[in-house]
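Beneath this line is the structure, given in structure tokens, with notes to follow.
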Amino acid sequence: MQYLRRELAKIDESWTVARFDSLPHFVHILTSKDRDAAAQLLKEQSDVVEEVVDEVVQTYHSGFNKAIQNYSQILKFFSDSTESISVLKVDLAEAKKHLSARNKQLHQLWYHSVTLRHIISLLDQIEGIAKVLEEMHLKVAFSACMYTFVHAS
């Protein structure tokens, strides 16, 4: 890599400017006394630049490739998540519908249980009244028996 840096440093700065204009270089080569030597120098500089580019590509290719793969995976995860959220929304809507139906059933069952408790309470009261009536009937019957017994003697 040091070798390439030294070779790059030898390249004329006019070749590395941001707004490169090839026309003056082209004219220089055409008007040069030794066109072959000028073309050879250009070829050597081109080879150095190609080597530098190849070295940079070799150095950073795997990193770029890994970054692109990671980015693709992230996009896939987002896509999968979006799809999962859509499915989840549908499932939640169905669950809400089922819970609503269950809520109505539970309300009906609760109302039915309250009604049954009230009926049981009324039946307990009726049973209590029946016991009182039975006791009164026994007392009346006992009194009648006693009256008959007392008057029969």
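Since every read-out is calculated from the coordinates, none of them should be taken as a lab result. Since this is a predicted model, take the numbers as computed values, not measurements. Here Cβ is always computed from backbone atoms with ideal geometry, including for glycine, and neighbour counts include all displayed protein chains.
Observations on the model:
- When the residues of the stretch 11-44 are filtered to those that are assigned to a helix (DSSP H, G or I) and in contact (Cβ under 8 Å) with a residue 12 or more places away in the chain, the one that is surrounded by the fewest Cβ atoms within 10 Å (Cβ to Cβ) is Trp15.
Condition check ((1) over 30 Å from Tyr3 (Cβ atoms); (2) touching an Asp or Glu at 6+ places or on another chain (Cβ under 7 Å); (3) β-branched (Val, Ile, Thr)) across all residues:
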| position | (1), (2), (3) |
| --- | --- |
| Ser22 | no, no, no |
| Glu51 | no, no, no |
| Lys66 | no, no, no |
| Ile85 | yes, no, yes |
| Ala101 | yes, no, no |
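Conditions (1) within 42 Å of the chain's Cα centre (by Cα); (2) exposed (fewer than 10 other Cβ atoms within 10 Å of the Cβ), marked per residue:
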{"site": "Ser46", "(1), (2)": "no, no"}
{"site": "Glu50", "(1), (2)": "no, no"}
{"site": "Gln58", "(1), (2)": "yes, yes"}
{"site": "Asn65", "(1), (2)": "yes, no"}
{"site": "Tyr71", "(1), (2)": "yes, no"}
{"site": "Phe77", "(1), (2)": "yes, no"}
{"site": "Leu88", "(1), (2)": "yes, no"}
{"site": "Leu92", "(1), (2)": "yes, no"}
